[in-house]
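Just below is one structure, and these are the notes that go with it.
The values are calculated or read from the model by the stated rules, or taken from the named source; none is laboratory data. Here the structure is a predicted model, which means the values were calculated and not measured. Quick reminder, even Gly has a Cβ in these numbers, built from the backbone with ideal geometry, and neighbours come from all protein chains shown. Protein only, heavy atoms only, side chains kept; ligands, DNA and RNA dropped before computing areas. Shrake-Rupley method; radii C 1.70, N 1.55, O 1.52, S 1.80 Å.
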Amino acid sequence: MSTKIFRHGKTALVVAGALGLGATACLAGTQELDDDALENIRHFVVIYQENHSFDNLYGGWEGVNGRNQADAAHTQQVSQSGASFACLLQNDANLTSPLPLAPTCQDTVHGIHSAFANAPFNIDTYIPATANTCPNGTAAGAPGGCTRDLVHRFYQEQYQLDGGKQDRYVTGSDAVGLAMGYYSTQELPIYRYLHADSHPHYAIADNFFQAAFGGSFLNHQWLVAAATPIFAHAPQSGGNDLHSVVDANGMPANSPLYKTTAAVKDASLTAMCADTLPVGVVCGDYAINTTQPFSQPYAPGVIDAKRLPPLPGKTIGDALSEKGVSWAWYSGGWSNAAGNVGEPGWSNGDGPKCADARTSNNATFPYCADKLFQFHHQAFNYFANFGAGTAARKQHLRDETEFLHLAQSSKTECHLPAVSFVKPLGAENEHPGYASVATGNYHLVDLLQAVENGACAQDTMIIVTYDEFGGQWDHVAPPGQGNEHGPHDQWGPGTRIPALVIAPQLHGDFVVDHAAHDTTSILATLEHRYHLAPLGARDAHVTDLSTVFEARAE
């Protein structure tokens with residue numbers, strides 16, 4: 001197997017202020033497309049997993065800029081005062097000291113006594129995939145090796161990045177030392193699948209960043225619209241005011257190792273604009289952290305005033321439809337959550353109560369969402385064009401069950417639409433806290449095999465990536481954080497995330513693409529292939545994924 005390539009795109013300077021992105025200068029790709037290879041792709045499948053940094057999952061893949069290339073300056077974690085820790089504080093139930101792990105590391109300066117030095121560590125050593133720690137990281141659950149969740153929010157991530165030093169992931173996290181954990185790449189089901197005999201040809205993109213700082217909600221918005229949504233007529237005071245309040249460091253909350261310097265509030269929207277706001281803190285009525293949609297399905301009990309009003313903007317789905325390009329968003333558990341009685345994936349009978357035992361306890365028929373269905377992952381549901389009762393909603397927002405059926409339905413003719421977005425259900429999306437990396441990885445392999453074993457494989461590009469970093473350390477500074485290779489603005493990009501591409505016409509059975517990308521590179525790829533206008537400034541200037549066709553094995 002070939003193990004290493006290099007590819008660096010040309011860059012040109014653009015001024016973000018001229019593009020409506022703020023007053024920051026940035027570098028943007030002026031890519032020369034491999035038109036033949038991209039034009040020969042007839043189907044795209046985008047599989048969007050959850051919450052892992054590149055170093056956390058793919059940092060041990062051969063040929064990549066992985067953990068073994070991390071220098072101490074971008075690895076050693078520092079305290080709020082800037083002093084290096086000697087040891088990592090841990091609060092995951094399976095990593096704490098004196099129980100269950102003996103405190104072999106002593107940091108008397110910071111009062112930390114743990115089993116972990118200030119360095120990345122292998123989670124599998126302490127919480128293997130067979131451990132009964134699911135769904136929430138305690139030692140009293142089901143197999144899967146789950147850890148606790150880690151904070152992954154807009155303002156916190158910017159503090160953690162520390163201007164590209166990558167040294168405050170631990171201090172800014174509610175999960176402290178767990179942020180430095182990683183999984184053994186070679187033990188991942190996806191790694192074993194792609195190293196088996198007759199595996200599909202693939203590329204690892206090792207310079208791919210999440211589009212926006214923070215969590216899943218915002219990065220899903222950037223995946224489909226390349227923009228941060230505005231909460232129209234957001235309350236400015238009272239109990240329904242969802243604006244954040246930050247301290248002098250831009251932090252909206254305490255952590256075990258961070259104490260705020262003023263009264264703060266960690267909420268769904270950016271801070272309100274004021275002269276006293278610290279320099280560089282984004283402000284206004286922007287929805288940046290988890291906010292529920294206005295249309296069903298949304299989390300039961302969330303009042304109207306705290307749900308994001310239907311968004312009027314244009315999505316990649318709208319752009320594809322205008323060009324007559326077929327597409328769908330296939331979400332695990334969608335039919336049950338959306339009340340699509342009798343549609344593919346529906347498992348809740350005829351009522352009057354939800355019949356599936358996996359249904360959330362507070363669900364009301366016909367909105368029978370699975371206990372691990374994530375409402376804020378359904379990006380198109382936030383837009384007015386896909387609201388309840390619209391023809392576009394019925395046509396394009398579908399259940400993952402239907403994707404699997406279409407992918408496997410023929411050995412001679414591909415029945416998938418031209419563009420498929422696939423969003424697995426919570427139990428299979430790899431999200432720390434409620435899901436297992438191993439379980440989600442096996443499901444990912446199932447999705448890949450459904451495509452690769454059918455007629456679609458011959459002309460399909462499969463893009464696998466993760467929505468965001470999940471609060472986990474990565475050693476590579478994102479564009480705009482001391483790294484000028486790639487467009488950037490006030491929204492991001494954030495931490496580097498795993499990304500792989502399976503496609504025909506690659507120059508080798510395995511290549512590594514080092515070109516700078518972010519989540520909007522997926523949009524740019526679709527826009528270039530189908531000759532669509534860009535949705536925003538970022539996808540207009542980012543390098544698309546045709547770079548995988550230029551990569552060559554050494």
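Name the single residue, out of those in region 456-490 being outside any strand (DSSP E or B), among the hydrophobic types (A, V, I, L, M, F, W, C) and open to solvent by less than 10 Å² (accessible area, probe 1.4 Å), that is nearest to ILE123 (Cα to Cα).
That would be TRP473.
Hey, TYR202 hits all of (1) buried (at least 24 other Cβ atoms within 10 Å of the Cβ); (2) under 30 Å from LEU526 (Cα atoms); (3) in contact with a helix residue (DSSP H, G or I) (Cβ under 7 Å, 6 or more places away or on another chain); (4) among the aromatic types (Phe, Trp, Tyr) but one; which does it fall short on?
Only one criterion in (1) buried (at least 24 other Cβ atoms within 10 Å of the Cβ); (2) under 30 Å from LEU526 (Cα atoms); (3) in contact with a helix residue (DSSP H, G or I) (Cβ under 7 Å, 6 or more places away or on another chain); (4) among the aromatic types (Phe, Trp, Tyr) is unmet by TYR202, namely (1).
Kindly evaluate VAL151 against the criterion of being open to solvent by less than 40 Å² (accessible area, probe 1.4 Å), within 30 Å of SER244 (Cα to Cα) and under 24 Å from the mean Cα position of the chain (by Cα).
yes
I need every pair where a residue in region 463-489 that is more than 16 Å from VAL542 (Cα to Cα) and modelled with pLDDT under 95 has its Cβ under 8 Å from the Cβ of a residue that is part of a loop (DSSP other than H, G, I, E, B) and open to solvent by 10 Å² or more (accessible area, probe 1.4 Å), sequence separation at least 6 or different chains.
Pairs that qualify, where the first residue is more than 16 Å from VAL542 (Cα to Cα) and modelled with pLDDT under 95 and the partner is part of a loop (DSSP other than H, G, I, E, B) and open to solvent by 10 Å² or more (accessible area, probe 1.4 Å), are GLY482/LYS165.
With the checklist (1) open to solvent by 40 Å² or more (accessible area, probe 1.4 Å); (2) closer than 30 Å to PHE85 by Cα; (3) not aromatic (Phe, Trp, Tyr); (4) not in a loop (DSSP other than H, G, I, E, B) in hand, flag the one item ASP162 doesn't pass.
(1)
In this structure, does ALA129 turn out to be more than 21 Å from the chain's Cα centre (by Cα), open to solvent by 50 Å² or more (accessible area, probe 1.4 Å) and without any contact (Cβ under 8 Å) to a residue 24 or more places away in the chain? Show your work before the answer.
Values: more than 21 Å from the chain's Cα centre (by Cα): yes; open to solvent by 50 Å² or more (accessible area, probe 1.4 Å): yes; without any contact (Cβ under 8 Å) to a residue 24 or more places away in the chain: no.
No, not satisfied.
If a residue must be touching a Pro at 6+ places or on another chain (Cβ under 7 Å), aliphatic (A, V, I, L, M) and open to solvent by 20 Å² or more (accessible area, probe 1.4 Å), how many such residues does region 288-330 contain?
Going through region 288-330 one residue at a time, the tally reaches 1.
Are any of the residues in region 274-287 open to solvent by less than 50 Å² (accessible area, probe 1.4 Å), within 20 Å of GLN374 (Cβ to Cβ) and within 23 Å of the chain's Cα centre (by Cα)?
The answer is yes; a qualifying residue exists.
So, of the residues in region 349-382 that are in contact (Cβ under 8 Å) with a residue 60 or more places away in the chain and part of a loop (DSSP other than H, G, I, E, B), which turns out to be most open to solvent (accessible area, probe 1.4 Å)?
Checked region 349-382; the qualifying residue most open to solvent (accessible area, probe 1.4 Å) is ASN362.
Inside region 390-424, can you point out the residues that are closer than 18 Å to ILE190 by Cβ and either part of a loop (DSSP other than H, G, I, E, B) or out of contact with any Phe, Trp or Tyr (no Cβ under 6 Å at 6 or more places or on another chain) (or both)?
LEU404, ALA407, PRO424 - these are the residues of region 390-424 that are closer than 18 Å to ILE190 by Cβ and either part of a loop (DSSP other than H, G, I, E, B) or out of contact with any Phe, Trp or Tyr (no Cβ under 6 Å at 6 or more places or on another chain) (or both).
Going by what's in this entry, would GLY333 be described as at positive phi and either of a type in the set (Phe, Trp, Tyr) or open to solvent by less than 60 Å² (accessible area, probe 1.4 Å) (or both)?
yes
Only one of ALA70, ALA140 is closer than 25 Å to ASN429 by Cα, surrounded by fewer than 23 Cβ atoms within 10 Å (Cβ to Cβ) and not basic (Lys, Arg); which?
The unique qualifying residue is ALA140.
Which condition from (1) within 27 Å of ARG538 (Cα to Cα); (2) over 19 Å from the mean Cα position of the chain (by Cα); (3) β-branched (Val, Ile, Thr) is the one that THR228 breaks?
Checking THR228 against (1) within 27 Å of ARG538 (Cα to Cα); (2) over 19 Å from the mean Cα position of the chain (by Cα); (3) β-branched (Val, Ile, Thr), the one that fails is (2).
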